[in-house]
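Worksheet: one structure, shown below.
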Amino acid sequence: MRLITKRVEELLVPPLPEYSYICDGEIKQSECKGSMIFRDPDYMLITPQDIIESFSFYSILNRKLRGRKLKRWENYVSKYQIGIENLDTRIVLRENALLTIYVDGVTVCEVDGETVIKEYRVVGTNKNFEEELGSLKSIKPTLLIVNQRDPWFMLTAYRVLYITPELRKELSRLVGTSRIECDKIENEDNTTICYIR
């Protein structure tokens, strides 16, 4: 079954490819005569080691980036108040998760805007599955993708932190289109959970 979007945030996660198209009520990667969505991605990957070795997000940026990319991310931090929250530290260190922060430019029907998304990814064995799933549910993500195959699982949680108002308004016209394929879909505490087997 395909996930039918009910909120603007669900149109953006998982992060779209560079080009996608809305055809027959679905967001697809293949070109068609429908509306086009262009995504210009910028992202920062943060590991448990990065958090252990750094005292702040600025420290992580200074360790990982140089030149124009560093200036660009410093601007994002200032503009959107991006940082490593206590919640991020807890999930990354306790669950050995990878945290990716996306600051994406998005164009929909010639309307430009930016989005800020945090993605948390945890991989483990099924003996820890319920504990890890509960931990990621506790952060109340917009979307949680559960991919479970014996003996492993991968959980990916997305929190949409910001959408520029003009972009949100344009995207709101697209709510109701379908996104990703799921075997089962649940809704819990304002989180959409997509199970893939």
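The values are calculated or read from the model by the stated rules, or taken from the named source; none is laboratory data. The shown structure was predicted, so the numbers you read here are calculated from the model rather than taken from an experiment. Every residue, glycine among them, receives a Cβ derived from its backbone with ideal geometry; neighbour counts consider all protein chains shown. All accessible areas refer to the heavy atoms of the entire protein, side chains included, with ligands and DNA or RNA removed. Shrake-Rupley method; radii C 1.70, N 1.55, O 1.52, S 1.80 Å.
Worth pointing out:
- Among residues of region 136-153 that are in contact (Cβ under 8 Å) with a residue 60 or more places away in the chain, those with a beta-carbon under 8 Å from a residue that is of a type in the set (D, E, K, R) and open to solvent by 20 Å² or more (accessible area, probe 1.4 Å) at least six positions away or on a different chain give the pairs Thr142/Arg7; Thr142/Glu9; Thr142/Arg159; Leu143/Glu9.
- Picking from residues in region 135-155 that are of a type in the set (S, T, N, Q) and open to solvent by 10 Å² or more (accessible area, probe 1.4 Å), the one that is nearest to the chain's Cα centre (by Cα) is Thr142.
- As a summary of the residue check, Glu132 satisfies the conditions (1) more than 19 Å from Leu3 (Cβ to Cβ); (2) touching a Lys or Arg at 6+ places or on another chain (Cβ under 8 Å); (3) surrounded by 19 or more Cβ atoms within 10 Å (Cβ to Cβ) except for the one numbered (2).
- Tally of residues being in contact (Cβ under 8 Å) with a residue 40 or more places away in the chain and of a type outside the set (S, T, N, Q) across region 47-87: 7
- For region 98-112, the count of residues that are closer than 21 Å to Ile27 by Cβ, of a type outside the set (A, V, I, L, M, F, W, C) and without any contact (Cβ under 8 Å) to a residue 40 or more places away in the chain is nonzero.
- Matching residues, region 6-21, being in contact (Cβ under 8 Å) with a residue 24 or more places away in the chain and open to solvent by 20 Å² or more (accessible area, probe 1.4 Å): Lys6, Arg7, Glu9, Pro14, Pro15
- Enumeration of residues in region 68-93 that are more than 30 Å from Gly124 (Cα to Cα) and open to solvent by less than 50 Å² (accessible area, probe 1.4 Å): Leu70, Trp73, Tyr76, Val77, Tyr80
- Flag for Tyr158 being under 17 Å from the mean Cα position of the chain (by Cα) and open to solvent by 70 Å² or more (accessible area, probe 1.4 Å): no
- For region 169-197, the set of residues classified as in contact with a strand residue (DSSP E or B) (Cβ under 8 Å, 6 or more places away or on another chain) and part of a loop (DSSP other than H, G, I, E, B) consists of Leu174, Gly176, Cys182, Asp183, Arg197, listed by residue number.
- Of Asp50, Asp40, Asp24, all but one fail to be surrounded by 15 or more Cβ atoms within 10 Å (Cβ to Cβ) and among the acidic types (Asp, Glu); the exception is Asp50.
- Tyr120 part of a strand (DSSP E or B), surrounded by fewer than 21 Cβ atoms within 10 Å (Cβ to Cβ), of a type in the set (Phe, Trp, Tyr) and without any contact (Cβ under 8 Å) to a residue 60 or more places away in the chain: no
- Figure legend. Inter-residue proximity from region 154-168: first residues part of a strand (DSSP E or B), second residues surrounded by fewer than 17 Cβ atoms within 10 Å (Cβ to Cβ) and not basic (Lys, Arg), beta-carbon distance below 7 Å, spacing 6+ or different chains. Indicated pairs: Met154/Val123; Met154/Asn147; Tyr158/Pro14; Tyr162/Tyr80.
- Put simply, of Ile37, Ile52, Ile60 the only residue that is farther than 26 Å from Val122 by Cα and of a type in the set (Val, Ile, Thr) is Ile37.
- Test: Thr107 is closer than 22 Å to Pro14 by Cα, in a helix (DSSP H, G or I), β-branched (Val, Ile, Thr) and open to solvent by 10 Å² or more (accessible area, probe 1.4 Å): no
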